[in-house]
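*Asks:* Quick one: the structure is below, and I'll ask about it shortly.
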Amino acid sequence: MKLTRRPSSAPVSAALLALLLPLTACGGVGGDWAAPVVSPTPEERPAERALSGFVRLAENSTEKAVFLTFHNVDDGTQKLLVDLTELTARSESYVFFLDPSKFAFSADFRHAAYETSQGEIRLGELVPNTHAYQVTATLAPEEEAAEDLSYLLGEEVTISYRAPQFSPDGSELWFEEYLEPGEEESRVLAVPTDDPLGAPPEERGLVPREVWPLHQYEGLTLTKGTENVYVPEAAYAVTPDNELQVLTEPVGGGGQDFHFLTDGTRVASKDFLPDPSGRFVGLLPKKNWGVPSTNRSTLWIFNLAPDGTPSDDEVITDAFSDNIQRLWVDTDGNRYVVQSGGAYHALPFGARRGEPQELFSTFTPKGRLAEAATSTEILGIFPARN
């Protein structure tokens, strides 16, 4: 693996600095070497509550800036803006596509990773006094490895790193080593988050090609919308013990009226979200006279066996007059948050045929950079971390 260290920062434009929130700034790219990033002390860190709630990924194409905004779940008001411009090198790109699948964040948002179009992964650390992610390392495949494979196989081989995700405790960054052309399986590699360049990445196992990180697949149609129709054949997760877990399409799984993946012990579906109780929530297909159909205004809670069989289903609510467009699980608020009819609504955990409470209709950005965002994507609702 080609290991490169973080370039030193050059001053950003006065225009961008003026647009960022107070104490928010963006570093540019300059020389070859810089001192390592010093981890902040607890008193320097942003309040944990600020790094929680609704999180949106956004771009301001006029200012060539990419950033996260954190919003209060109760009313949609912005609490914090965190800059991603250096991590994405947005200021150096004429064209930029805002793709959430290229990003990964540790559970506490202290670390971020970005999959570049060059097949590299940039790792960044949140610098509190600037409210920005600063690049700490760039992970790239060794050019010699691709050349050696090309020579052995008699055809050009390219190697890229993709599908990054952090371990649950944030101590490691995992990613797929993707070969084109390649075998049916790819290697999954991992590096320590705090010392990614200290040694070559460790192999943690094999996954099918075109694999997704599990968190990007699970509940996809609920958190991102039904227009996201493409689904992978496999997804991988990092267990709390930092072990590889691979979920694949089961043999005979096509008999269900929804798509799901399993490893025989765990099941995940693009159409459902896991509930804190260990059950699942979502829009459950039902059969009328043998024909499956989905009432998109009714929210269900149910059990789901590893073979994809639902059971013990109960109605959380059927009170929406419009279709349910999005659904999130808000563990800090002990509630489900539903987007329907142009507004965001709340239903408490444990509700059965409950009446939704309207929270807000639109997000409220703060500052000219966020207010002038040209594109936004909701990443989800994230709990505060200790």
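The values are calculated or read from the model by the stated rules, or taken from the named source; none is laboratory data. The model shown is predicted, which means the values in this text are computed figures rather than measured ones. All Cβ positions, glycine included, derive from the backbone under ideal geometry; neighbour counts span all protein chains shown.
*Asks:* Within segment 158-253, considering only strands (runs of 3 or more DSSP E) that don't extend past its boundaries, which have at least 1 residues that are without any contact (Cβ under 8 Å) to a residue 60 or more places away in the chain and β-branched (Val, Ile, Thr)? Walk me through it before giving the result.
*Replies:* On the way: elements: 158-166, 172-180, 185-192, 202-208, 234-238, 244-248.
Ranges flagged: 158-166, 185-192, 202-208, 244-248.
*Asks:* Another question, if that's okay. Quick one: in segment 268-319, which of the residues that are assigned to a strand (DSSP E or B) and on the phi > 0 side of the Ramachandran plot is modelled with the lowest pLDDT?
*Replies:* Ranking the candidates gives Gly282 first.
*Asks:* Moving to a separate point now. Identify the residue in segment 332-344 that is surrounded by 14 or more Cβ atoms within 10 Å (Cβ to Cβ), touching a residue at least 24 places away in the same chain (Cβ under 8 Å) and not aromatic (Phe, Trp, Tyr) and, among all such residues, is farthest from Thr223 (Cα to Cα). Walk me through how you get there before you give the answer.
*Replies:* Start the filter on segment 332-344 by keeping residues that are surrounded by 14 or more Cβ atoms within 10 Å (Cβ to Cβ), which leaves 333, 335-341, 343-344.
Narrowing further to those that are touching a residue at least 24 places away in the same chain (Cβ under 8 Å): 333, 336-338, 340, 344.
Narrowing the set further to residues that are not aromatic (Phe, Trp, Tyr) leaves 333, 337-338, 340.
On the way: Gly333: 18, Val337: 11, Val338: 10, Ser340: 12 Å.
Among those residues, the one meeting the criterion is Gly333.
*Asks:* Let me ask you something else. Which condition does Phe96 not pass, out of (1) in contact with a helix residue (DSSP H, G or I) (Cβ under 7 Å, 6 or more places away or on another chain); (2) modelled with pLDDT of 90 or more, if it passes all the others?
*Replies:* Going through (1) in contact with a helix residue (DSSP H, G or I) (Cβ under 7 Å, 6 or more places away or on another chain); (2) modelled with pLDDT of 90 or more one by one, Phe96 breaks only (2).
*Asks:* Kindly indicate which of Leu123, Leu81 is at pLDDT 95 or above and farther than 30 Å from Glu358 by Cβ.
*Replies:* Values: Leu81 fails: farther than 30 Å from Glu358 by Cβ.
After ruling out the rest, the residue left standing is Leu123.
*Asks:* Also, I was wondering about something else. Would you call Gln325 touching a Gly at 6+ places or on another chain (Cβ under 7 Å), touching a residue at least 12 places away in the same chain (Cβ under 8 Å) and of a type outside the set (A, V, I, L, M)?
*Replies:* On the way: touching a Gly at 6+ places or on another chain (Cβ under 7 Å): yes; touching a residue at least 12 places away in the same chain (Cβ under 8 Å): yes; of a type outside the set (A, V, I, L, M): yes.
Here the answer is yes, as Gln325 does meet what is asked.
*Asks:* Sort through Gly342, Gly308, Gly333 and tell me the only one that's assigned by TED's automatic domain parsing to the domain that holds Thr265 and under 30 Å from Phe96 (Cβ atoms).
*Replies:* Details: Gly308 fails: under 30 Å from Phe96 (Cβ atoms); Gly333 fails: under 30 Å from Phe96 (Cβ atoms).
It is Gly342.
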